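J.: Have a look at this one before I ask anything.
The values are calculated or read from the model by the stated rules, or taken from the named source; none is laboratory data. What you see is a predicted model, and the numbers here were worked out from it, not measured in a lab. Cβ sites come from the backbone with ideal geometry, for glycine too, and all protein chains shown count toward neighbours. SASA here: full protein model, heavy atoms, side chains in, ligands and nucleic acids out. Shrake-Rupley method; radii C 1.70, N 1.55, O 1.52, S 1.80 Å.
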Amino acid sequence: MRKNSIKNTRINAEVLRELSEIIRNGIKDPRIHPMTSVVSVEVTPDLKYCKAYISVLGNEDAAKATIEGLKSAEGYVRRELARRINLRNTPELKFILDQSIEYGVNMSKLIDEVTKDLHQGEGQDEEGEEEEI
């Protein structure tokens, strides 16, 4: 896999920004969850295709409904993207559910629980030793 050029990196950033704005303010579909964010975007160097990684803060049903809503609004989103960004080709969009944020939050909670349990265990050991002396 080749590295992204500076031009491709800038295009990815611009598409990410505009796509986030379109999803947040432009689409009125009730299936799309209000806590939807675009995590990253990968536009091919020939500007024909675009993978948009979408994260939804909510349950799995809300995430699936959001992806369905975005797929049904794909034509509108692509037209708005073409209107806002002047590119040689407007990429064909593919929305992919990204659960890395949820995974990170869950791992953080688990780590917090383990460290809390460790601190409580240390506190009990220290108290027990002090009482014996």
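J.: Per the 1.4 Å probe, what fraction of the accessible area of the chain, in percent, lies on carbon and sulfur atoms?
T.: Carbon and sulfur: 51 percent of the exposed surface of the chain.
J.: How would you order 36-43, 9-16 from highest to lowest mean count of nearby Cβ atoms within 10 Å?
T.: Order by mean packing, descending: 36-43, 9-16.
J.: So, in the chain, how many Lys pairs have Cα atoms under 30 Å apart, if the pair is 8 or more places apart or on different chains?
T.: Final tally of qualifying lysine pairs is 23.
J.: With a 1.4 Å probe and all protein chains left in place, how much accessible area per residue does the chain have, in Å²?
T.: 71
J.: Under a Cβ-only charge scheme (Lys and Arg +1, Asp and Glu -1), can you give me the dipole magnitude of the range 3-115 about the Cα centre, in debye to the nearest 20?
T.: 660
J.: What FRET efficiency comes out for Asn86 versus Lys109 if R0 is 41 angstrom and r is the Cβ-Cβ distance? Round to the nearest 0.05.
T.: Using R0 = 41 Å, I get an efficiency of 0.40.
J.: Here's another thing I want to ask about it. Using the Cα atoms of the range 3-115 to build a convex hull, what is its mean projected area in square nanometres?
T.: 8.2
J.: If one puts a single equal scatterer on every Cα of the range 54-108 and applies the Debye formula without solvent, what log₁₀ I(q)/I(0) results at q = 0.18, 0.20, 0.27, 0.29 Å⁻¹?
T.: -0.69, -0.77, -1.02, -1.09
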